[in-house]
Every structure is written in structure tokens, then in C-alpha cells.
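**Student:** What follows is a single structure, and I will ask about it in a moment.
The values are calculated or read from the model by the stated rules, or taken from the named source; none is laboratory data. It should be emphasised that the depicted structure is a prediction, and the values quoted were computed from it without experimental measurement. Every residue, glycine among them, receives a Cβ derived from its backbone with ideal geometry; neighbour counts consider all protein chains shown.
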Amino acid sequence: MIENLDHLNATQQQGVLDLISAATEQDGTPPIAEHILLHLRHGGDKDDRHLILKKDGEIMGYAHIDLTDPVAGSSAELVIHPRHRGKGLGRTLLESICEITSPRLWSHGDLPSAQKLAKDYGLVRVRSVIQMRRSLNHPLPELATDLNLRSFLLGLDDESWLVLNNRAFAGHPEQGGWTFENLQQRMNENWFDPRGFLLATRDTGSSEELIAFCWTKIHGAHSHSHDGEGEHGHDPIGEIYAMGVDPSHRGERIGGAITIAGLSHLRREGLMSAMLYVDAENSTAIKLYRDLGFSEWGRDVMYRESTH
């Protein structure tokens with residue numbers, strides 16, 4: 001039996017978390033994205049869909065569906081309990097997902113079982129994203145640059161930053177083509193802190209030229225609530241949320257300098273480690289981050305129907 005739910009009660013929530021914990025222990029990597037897992041601990045978000053595959057009261061499989069992105073489309077993630085794998089339950093759960101939507105299906109850890117399920121169902125790999133991490137206890141490179149560094153000014157830098165961002169990320173599926181609404185949505189989030197939204201400028205004589213930025217984010221530093229269930233927090237980790245350089249200034253070592261500035265800010269905030277995400281095909285960025293002390297921590301793979 002598969003239950004299609006828009007919210008998890010306390011019993012369902014604990015059952016799903018136990019399932020995810022068992023799969024994580026078996027596979028060595030969480031089967032569900034970190035931000036989703038954090039929300040699951042409090043019943044999920046109101047716009048999520050939850051599919052629970054049960055038999056005799058035991059949760060054997062779970063799928064999370066996010067239907068909220070009208071541009072990129074829906075996304076889904078699924079997991080089968082290690083005790084019940086090899087019985088076709090992953091395919092059953094995937095078919096139920098596809099009855100609801102034609103999703104981007106994320107596989108965390110790029111595991112062989114997920115590769116086999118995708119192959120059996122005719123899904124093709126369309127994207128790989130690498131999560132990289134580094135300790136902030138280790139020395140940071142020296143910040144050698146003639147750039148002027150300052151924090152984002154609300155209401156003053158919005159328009160110029162959007163122009164820079166859309167130039168730097170032209171064609172990017174998530175970061176490109178932003179509007180003021182896209183920016184405003186993130187500025188309204190409780191994690192947003194303009195002090196950690198760093199801009200690099202150069203004086204042109206008569207004006208200030210905005211040429212690069214490093215937007216940092218701290219996960220777990222702020223408590224937040226879910227549908228009035230009370231406030232909670234998570235262990236903090238810093239993130240290089242987005243870093244971009246104006247295309248006309250690439251090759252000037254600005255990307256490394258502005259990233260070092262972002263890491264320095266996260267260290268001053270008392271954080272012990274930092275993370276970032278980078279597309280596996282972006283070899284230039286991967287080399288930059290490796291040179292700055294980052295190493296691969298995990299890999300997420302997106303699948304889609306070959307006819308999509």
C-alpha cells in the first residue's frame with residue numbers, strides 16, 4: 001500500500017526518519033537531501049508530497065516530491081529500506097511518483113542501486129553536482145587583490161547585482177535569469193545576512209564598478225518554525241552559496257580572491273567548516289576550489305525520462 005500525504009504526523013515522521021537512518025548506515029550516504037531531511041524532522045513543509053510504501057504497518061519505502069518550482073519542474077527523491085531491497089519496490093515507488101508528475105529524480109551518492117533503477121526505468125543522467133567541503137580550521141590563502149570589498153546594501157545594490165549575476169550565470173539552470181522577485185525571495189529568508197553577501201568593486205574614477213560577488217549562507221545558525229510547531233535550530237555549517245565574476249574580468253584571479261573573502265567571513269562567524277556545490281562539468285571552478293583547499297564530499301545525480 002502506498003500512502004500519498006501532504007504532511008507527516010509524528011508516527012509517520014519517526015518511521016520515515018528511521019528508514020532514512022537505516023539506509024544511510026547501509027549506504028554510507030544520506031538518500032535524501034540535507035535540507036529536506038531537516039524539514040522532515042518536523043513533519044515536512046506544507047507544499048511537499050510524501051509517498052509512504054507500507055506493508056503490515058512497516059514503512060518499507062519513502063519518496064519526497066517537491067512540486068513548487070514552476071520553471072525547472074518538480075523534483076523527487078526516494079529510498080527503500082535495506083531489508084526490502086531487490087524486490088522491485090523502488091520501481092513501484094518510482095511509478096507512483098510518475099503518476100503524479102514527470103520529475104527530475106535526484107540520486108544522492110550516485111549508488112549502483114540507483115543507477116540500476118534508472119537504467120531499468122529508461123531514465124537518463126542529465127546532470128551531476130559535486131558537493132565540496134573544507135575545514136575552516138586550516139589556514140586560508142592570503143587575500144592578495146586590489147579589489148574593494150564591501151557588503152551588499154539592501155535597496156541600493158539590488159539592480160546592479162542582478163545585472164552582474166545574470167551576466168556571470170547566463171544559461172545556468174538555477175542561478176541564471178534572475179529577477180528582482182528571485183532575489184527578494186531569498187532576502188526574505190531567515191538565513192539571509194547582507195554582511196555575508198560580499199561585493200567586489202573597482203573605482204573607475206567617476207563611479208564604482210561591480211565586478212564580482214561571493215554570497216555566503218549559514219545553515220543552522222537561525223532557528224525557524226514549521227506551521228507553528230515551535231522553533232528549532234541545526235548544527236551550523238557555512239556555504240559559499242553563490243560566487244560569480246563578470247565575464248569581462250575573468251582570468252584576473254578575482255574568483256579565488258572573492259571566495260577567500262567569503263571563507264574568511266564564515267570563519268569570523270565562528271564556523272568550523274564550509275561547503276559548496278559545483279556542477280561536475282565545470283572543470284575551471286572545480287580546479288579553483290581544489291586550489292583553495294576544498295575536496296569532494298559527495299555527488300548528486302539528476303535523472304530524467306529520455307523522452308522529456
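**Student:** Quick one: would you say LEU210 is at pLDDT 90 or above and not in a strand (DSSP E or B)?
**Tutor:** Against the criterion (at pLDDT 90 or above and not in a strand (DSSP E or B)), LEU210 does not qualify.
**Student:** Inside the range 239-291, can you point out the residues that are closer than 17 Å to VAL129 by Cβ, surrounded by fewer than 17 Cβ atoms within 10 Å (Cβ to Cβ) and among the charged types (D, E, K, R)?
**Tutor:** Matches in the range 239-291: ASP279, GLU281, LYS287, ARG290.
**Student:** Can you tell me which residues in the range 121-139 are of a type outside the set (D, E, K, R) and farther than 30 Å from THR92 by Cα?
**Tutor:** MET132, SER135, LEU136, ASN137, HIS138, PRO139
**Student:** Go through (1) assigned by TED's automatic domain parsing to the domain that holds GLU281; (2) under 30 Å from THR11 (Cβ atoms) one by one and return the number of the condition HIS138 breaks.
**Tutor:** So HIS138 meets the others, but not (2).
**Student:** Oh, and also: Hey, can you tell me all the residues within the range 258-281 that are closer than 16 Å to ALA242 by Cα, out of contact with any helix residue (DSSP H, G or I) (no Cβ under 9 Å at 6 or more places or on another chain) and modelled with pLDDT of 95 or more?
**Tutor:** Correct list: ILE258, ILE260, ALA261, LEU263, SER264.
**Student:** Of all residues in the range 151-175 being at pLDDT 90 or above and small (Gly, Ala, Ser), which is nearest to SER264 (Cα to Cα)? Reasoning before the result, please.
**Tutor:** Of the range 151-175, the ones at pLDDT 90 or above are 151-170.
From what's left, small (Gly, Ala, Ser): 151, 155, 160, 168, 170.
Working: SER151: 13, GLY155: 25, SER160: 24, ALA168: 23, ALA170: 28 Å.
Here the answer is SER151.
**Student:** Any residue at all in the range 143-158 that's farther than 19 Å from GLU281 by Cβ, in the same structural domain as TRP297 (by TED's automatic domain parsing) and free of Cβ contacts under 8 Å to residues at least 12 places away in the same chain?
**Tutor:** Yes, the range 143-158 contains a residue that is farther than 19 Å from GLU281 by Cβ, in the same structural domain as TRP297 (by TED's automatic domain parsing) and free of Cβ contacts under 8 Å to residues at least 12 places away in the same chain.
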